[in-house]
Amino acid sequence: MLIVMDKDATSAQIDAVAAKIEALGYVAQPMPGGERTAIGILRNPGPVDPALFLDMPGVSQAIPVSRPYKLVGREMQREDTVISLPGLELGRDRFVVMAGPCAVESETQALAIARMVQAAGAKIFRGGAFKPRTSPYSYQGLAEEGLKILAKVREETGLLVVTEAVDPCSLELVAKYSDIIQIGARNMQNFTLLRLAGQATKPVLLKRGMSATLEEWLMAAEYILSEGNPRVILCERGIRAIGEHARNLLDLATIPVVHKESHLPIIVDPSHAAGRRDLVPPLARAAVAAGCDGLIIEVHHEPEKALSDGAQSLYPNQFAGLMEELQKLRPGGWQ
Ligand code: PEP
Ligand code: MN
């Protein structure tokens, strides 16, 4: 439930409403707005009786919140969330491209690719140091050494970095070295990890699970917000579907639906949806046309030698060409 206060409600009246919410055993989340303050009621296991608040001084309305994702939904926050990062913003009309290899393989590899994607206009460098691989025999990443390489990339180029955390231990390290903590598709419902990401002070890039419904995905984001971290970027990366022609099915409908349901920004990963590089540019263009807030794209200077996801990694010149095409789709709205 959302308690909307009168325009001229005093702070004592607002405090009294918050105190009543807390006395009922729930959590009060005051949301000062331009015109009036609203107070969200959180952690209530069932419906709350609006009559409990309607006769309190300064209360204008008690609006039931119909969606289970209270903090993530538009009912409690109407305006789009803009994620502020050092020197950069993402969300609303601020569009950002993240690019880099699937995995950090060496300092030489990471720096070479970082310079190429930066020259093409990417602002954030991606690269996994902890790789959640289907096979235990596949390349698992450089762990902390990979994070140190990412920190070096930031130092040398000024690009921000995003990298995945796969468990509590890696999350602590990723939060220390990286600008954005990535939670991958395979961990979207790892609730312990989501809660820990919610306690971190860095923004979180939350990928959609392999077969997660939109509601499950938004509820995963709710875990992070409910722990106090409001800086969540949703990432559509395709879901399991029939057919061998692509690795996953890119669900473009999530872009407008997420914008309708949530104030959080949504970016798209066409690389993991495609699984093959020839499909990456058309999927990227489609995602931009559908209104996403950014892209995360795998690029490798020697994809045939890549230790993971080489087949879906763009060559740097293909990435540069795609960036030029994308600029035309977003005239004026780019950073
Ligand atoms: C990745 O970004 O390299 C990755 C493993 O992605 P996902 O979690 O979407 O499969
Ligand atoms: Mn990958």
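All of the numbers you see were taken from the coordinates with simple rules; none came from a lab. Because the structure is predicted, anything quoted here is derived from the model rather than measured. Counting neighbours? That spans all protein chains shown, and the Cβs are built from the backbone with ideal geometry, glycine included.
For segment 302-308, just list the computed ³J(HN,Hα) in residue order, Karplus coefficients 6.51, -1.76 and 1.60, θ = phi - 60°, integers in Hz, with x standing in for Gly and Pro.
So the J values, rounded to whole Hz, are 9, x, 5, 9, 4, 7, 7.
Can you work out the Karplus-derived ³J(HN,Hα) for every residue in segment 126-139? Use 6.51 cos²θ - 1.76 cosθ + 1.60 with θ = phi - 60°, whole Hz, and x for glycine or proline.
After applying 6.51 cos²θ - 1.76 cosθ + 1.60, I find 9, x, x, 9, 10, 9, x, 9, 4, 9, x, 8, 7, 4 Hz.
Which of Lys152/Lys305; Lys131/Lys305; Lys148/Lys202 have a Cα-Cα distance over 19 Å? Don't skip to the end; give the middle numbers.
On the way: Lys152/Lys305 22 Å; Lys131/Lys305 17 Å; Lys148/Lys202 17 Å.
The answer is Lys152/Lys305.
From the Cα gyration tensor of segment 2-63, with a ≥ b ≥ c the square roots of its eigenvalues, which class applies: rounded if a/c is under 1.5, or else prolate if a/b is larger than b/c, or else oblate?
prolate
Can you give me the convex hull volume of the Cα atoms of segment 65-204, divided per residue and expressed in Å³?
Cα convex hull per residue, to the nearest whole number: 121 Å³.
Taking all pairs of different Cα atoms in the chain, averaging 1/r and flipping that mean, what Kirkwood radius in angstroms comes out? Present the calculation step by step, with values, prior to reporting the outcome.
Values: mean 1/r = 0.0480 Å⁻¹.
About 20.8 Å for the chain.
Based on DSSP, what percent of beta bridges with both residues in the chain are antiparallel, to the nearest 5? Don't skip to the end; give the middle numbers.
On the way: 19 of 45 bridges.
Rounded to the nearest five, the antiparallel share is 40 percent.
Using a 10 angstrom cutoff on alpha carbons, build the Gaussian network for the chain and name the most mobile of Ser106, Ser170, Ser138.
Among Ser106, Ser170, Ser138, the largest mean-square fluctuation in the Gaussian network model of the chain belongs to Ser138.
With θ taken as phi - 60° and the coefficients 6.51, -1.76 and 1.60, list the Karplus ³J(HN,Hα) couplings across segment 158-174 in order, rounded to whole Hz; mark glycine and proline as x.
x, 5, 7, 10, 10, 8, 8, 10, 10, 7, x, 5, 5, 4, 4, 5, 4
Return the whole-Å distance between the Cα centroid of segment 145-212 and the Cα centroid of segment 120-138.
11 Å
Highest GNM mean-square fluctuation, the chain, Cα pairs closer than 10 Å: which of Gly243, Gly275, Gly127?
Highest fluctuation of the listed residues: Gly243.
Using per-residue counts of other Cβ atoms within 10 Å, averaged over each peptide, order 97-103, 163-169 from highest down.
Order by mean packing, descending: 97-103, 163-169.
Run the numbers for Lys148 and Thr192: contour at 0.36 nm per residue of separation, minus the present Cα-Cα distance, in nm. Show your work: numbers first, answer last.
On the way: separation 44, 0.36 × 44 = 15.84 nm, distance 2.54 nm.
Taking 0.36 nm per residue and subtracting the Cα distance, the gain is 13.3 nm.
A 31 angstrom limit on the alpha carbon distance is what I want to check against. Which of Lys7/Lys70; Lys70/Lys176; Lys7/Lys176 exceed it?
Exceeds cut-off: Lys7/Lys176.
Among Asp15, Asp179, Asp293, which comes first, second and so on when ranked by fewest other beta-carbon atoms within 10 Å?
Asp15, Asp179, Asp293
Quick one: Leu85, Leu194, fewest Cβ neighbours within 10 Å first, how do they rank?
Working: Leu85 19, Leu194 25.
Listing Leu85, Leu194 from fewest to most nearby Cβ atoms yields Leu85, Leu194.
For Leu159, list long-range residues whose amide hydrogen, built 1.01 Å from N in the peptide plane, is under 5 Å from its own amide hydrogen.
Excluding prolines and chain starts, which carry no amide H, there are no hits.
Quick check: Cα centre of segment 19-33 to Cα centre of segment 38-74, how many Å?
Taking the Cα centre of each part, segment 19-33 and segment 38-74 sit 9 Å apart.
Rounded to the nearest 500, what is the chain's calculated 222 nm mean residue ellipticity when only DSSP H runs of at least 4 contribute -39500 (n - 2.57) each, over all residues?
On the way: 11 runs with 114 residues, N = 335.
It lands at -10000 deg cm²/dmol.
Enumerate the amide H contacts of Gln182 below 5 Å, restricted to partners 5 or more residues apart or on another chain; note that Pro and chain-start residues carry no placed amide H.
Thr163, Glu164, Ala165, Leu205
How far apart, in nm, are two points set 7 Å out from the Cα along the Cα-to-Cβ line at Glu79 and at Thr10?
My value for the distance between the label points is 2.8 nm.
Please compute one quarter of the surface area of the Cα convex hull for segment 253-335 and express it in square nanometres. Could you put the intermediate results ahead of the total?
Working: hull surface 23.0 nm².
Over all viewing directions, segment 253-335 projects a mean Cα-hull area of 5.8 nm².
Given Cα pairs under 8 Å that are at least 6 residues apart, what percent is the relative contact order of segment 2-63?
47 percent
At q = 0.10 Å⁻¹, what log₁₀ I(q)/I(0) does segment 33-135 have when each alpha carbon counts as one equal point scatterer in the Debye sum?
These q points yield log10 I(q)/I(0) values of -0.57.
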